[in-house]
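Any read-out appearing in this document is the output of simple, stated calculations on the displayed coordinates, not a laboratory observation. What you see is a predicted model, and the numbers here were worked out from it, not measured in a lab. Neighbour counts run over all protein chains shown; Cβ positions are idealised from the backbone, glycine included.
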Amino acid sequence: MMNGYEEKHGHLDDDAFGPKSGGIVSAFDAFPKAKPQYVERTSGGGKWTVAMIIISLLLFWSELSRWWRGTETHTFAVEKGVSHSMDINLDIVVKMKCADLHINVQDAAGDRILAGTKLTRDPTNWAQWVDAKEMHKLGRDAQGRVITGEGYTTIGEEGFGEEHIHDIVALGRKKARWGKTPRLWGKEADSCRIFGSLSLNKVQGDFHITARGHGYMEFGEHLDHNAFNFSHIISELSFGPFLPSLVNPLDRTVNAAPNHFHKFQYFMSVVPTAYSVGDPGKMGSASIFTNQYAVTEQSQEINDRIIPGIFFKYDIEPILLNIVESRDSFFVFLIKVINVLSGALVAGHWGFRLSDWVSEVMGRRRRSGQSQGMLGGHSSHGGSNGKGYTD
Amino acid sequence: MPAKSRFTRLDAFTKTVEDARIRTTSGGIVTIVSLIVVLFLAWGEWADYRRIVIHPQLIVDKGRGERMEIHLNITFPRVPCELLTLDVMDVSGEQQHGVQHGVRMVRLRPQSEGGGEIDSKALALHAAEDAATHLDPSYCGPCYGATPPHNAQKAGCCNTCDEVREAYAQTSWAFGTGVGVEQCEREHYAERLDEQRHEGCRIEGGLRVNKVIGNFHIAPGRSFSNGNMHVHDLKNYWETPIPGGHSFTHTIHHLRFGPQLPDDLHKKLGSKALPWTSHHLNPLDDTHQETDDPNFNYMYFVKIVPTSYFPLGWEGKHSQENHGAGLGQFGQSVDGSVETHQYSVTSHKRSLAGGDDAAEGHQERLHSKGGIPGVFFSYDISPMKVINREERAKTFLGFIAGLCAAVGGTLTVAAAVDRGLFEGATRLKKMRSKDL
């Protein structure tokens, strides 16, 4: 057995390494270390050690992943500064000829914005945008995404609120461009694609697409009522900077008009939203400022005294949403890990002692059962304790 | 040896018999270092415990029939006070024309003379010499066909120039400078007005309005409402002898709705105060707009968000709003809580002639024609209310728990480190002695 050999050397070590009589620093040692000859290793303890190492690793891993994921905080505030304008980005296909459409904005400031002059209007064919059955779903690719010809990839369907903030911020930094209108290839241009960005006054307003000669009497001659068809596909409709990767509630929706006199109304509440990774203002933080909106759609058949068309009525909410994804500093994480690991260590130690005690008690029960109620059971307590150690 | 109970085996704090203990230098160093770390962490915990954080909450505003105060301080360097009128209108149908109570109009020297104050008089009062009364006590001045004002000094008569103007305004007639009006000529109204033409004006003070959608505007000329129409008498504003005419160039020194929140609030918000939020800053403060066009209209679309501020130790007792509180004291209670409003604002300007916004690079934007020159604030109240509550970052128990965690964690880790050092050293020694 090696013990004897070790003990001898243990004594030698004491002289060289143990308590020196004049050591001031060592006098502070608050961690009792038993001399090796008094330390005993048991296989039960070894098992517990291995178990605790595994548990500690698991805890460490979960802590690490939680730290890496960061936390998402939602705060709100009132927007700062005096604002003037806000962009609207849209990409809509209407089943009418471009020349027959009027696109205007009228807002609470009393301005009328001739959106038609600022947006691009491309003649296109309706069939290129919907599938054969004119379903309420657009042609989708293998992943179930809509092929709209936009030159960007789309993220999940849930809307950008549910995505990871760093994904949104990363997508928001991509350079955005409008997709090309598919070539007609000799097909009849029965529809009009209206797309582009337009600056609006940042006040309540009404963006509308109406027919030539209806609504605004001053432009264009009267259009035949049979030419009215306000069926439309919205590929993109967003407020603020053009960030096509962010999916808004109206993106990729189709709304078909069953008759000529139909009025589509969308009531939207625009909520300014700021996404940031890392606390804003600190080093290495990135943020994008955009707008989300809630929308209610209402469409009805109307008589010929009411102006048919597509109306987007928007209003801006005064409260800004602030979504911040942040991660604790590495130091804080380290402290947390140390806490968790040391807690596990102490708990493991306790657990070991507890299990030891339980097995001891159980062992004695069994023994006392065999000895048919020996009276000396209690008096041998101390002795059996000693035995427990020597197992 | 004391009698061992069953629990002795459970002892988590085993003590090594003193004889079996070794004290090592490495252990001492680890102890000292860990003590320093513990002290540092404990201090951090303490600082965290003492820190006051602002906890913002968003609730639906449940107040009813509340009123709010508008505090404003706006300078118009190119319109004299005599021509300016402040009107408030809201959707409840309440209208306050020519608001005078609580608002002071301060006459300013022309811009060429530096724009200092001339004198200040509360508009609610009229200086005695202004009211040039007729010598004859039985005198009853004609109202020139207009309905005599109901608050005239002598019923059915217009004895002063002011009363004639009032009568004209109530009958929706333009008044002009009062040429041919006996009372005004006696009071030298036209001369006095022309003397003031070069002056500027500063409107300062507060007014109390219903907490509903509404607007207030500062526009030239006496205003009157006729049915659904709100009209200003612009004759004196347009027919001005001074070169270049008047214009609504203005500087907003201050515009807030309700009392000012404590200044140190922004500091306390710490990292929560994000760069694009106006936590407790009024966005319109110290903004300046300049124009040379007399027919220019400025609009400010203000969205008001009710905001409460509860300091630490606020009891949460429901304080009844004191409608009798004097202007300026409204919304501030003795316990330190503040009921106020924040706002976001969008500004818009246009010429009354209409036209497009090509100057700003938006040719597609057509302004509407007509209207009144002036500065218009239309306000809208948000249904959501922000509550800023001061709180301790941690409760006392939380602090104790944090302290224990810091101390325990450090000591356990230190013990492990020490153990490792000791074992390592022992092994090293052993190997060396073996080599020997």
Per-residue HN-Hα couplings for the stretch B:296-303, Karplus 6.51 cos²θ - 1.76 cosθ + 1.60 at θ = phi - 60°, whole Hz, x for Gly and Pro?
10, 10, 10, 10, 10, 9, 10, 10
Amide H within-cut-off set for A:Ala286, under 5 Å, with H built and near neighbours excluded
A:Val277
For A:Val82, which sequence-distant residues (separation of 5 or more, or a different chain) have an amide H within less than 5 Å of its own amide H, given hydrogens modelled in the peptide plane?
none
In Å, descending, principal axis extents of the Cα set of the stretch A:60-100:
66, 33, 11
Excluding A:Ala99 itself, what net charge comes from residues whose Cβ is under 10 Å from its Cβ, given Lys and Arg +1 and Asp and Glu -1?
+2
Which net charge results for the neighbourhood of B:Asp293, defined as the other residues with beta-carbon distances under 13 angstrom from its beta-carbon, given Lys and Arg at +1 and Asp and Glu at -1?
+1
Could you give the length gained by full extension between A:His225 and A:Val358, i.e. 0.36 nm per residue of separation minus their alpha carbon distance, to one decimal place?
38.8 nm
For B:Asp292 and B:His150 in the same chain, what is the full-extension length gain: residue separation times 0.36 nm, less their Cα-Cα distance, in nm?
47.2 nm
Compute the FRET efficiency between A:Glu63 and B:His254 as 1/(1 + (r/R0)^6), taking r as their Cβ-Cβ distance and R0 = 41 Å, and round to the nearest 0.05.
0.20
Just to verify a number: FRET efficiency for A:Phe333 and A:Lys47, C-beta to C-beta distance, R0 = 30 Å, to 0.05?
0.50
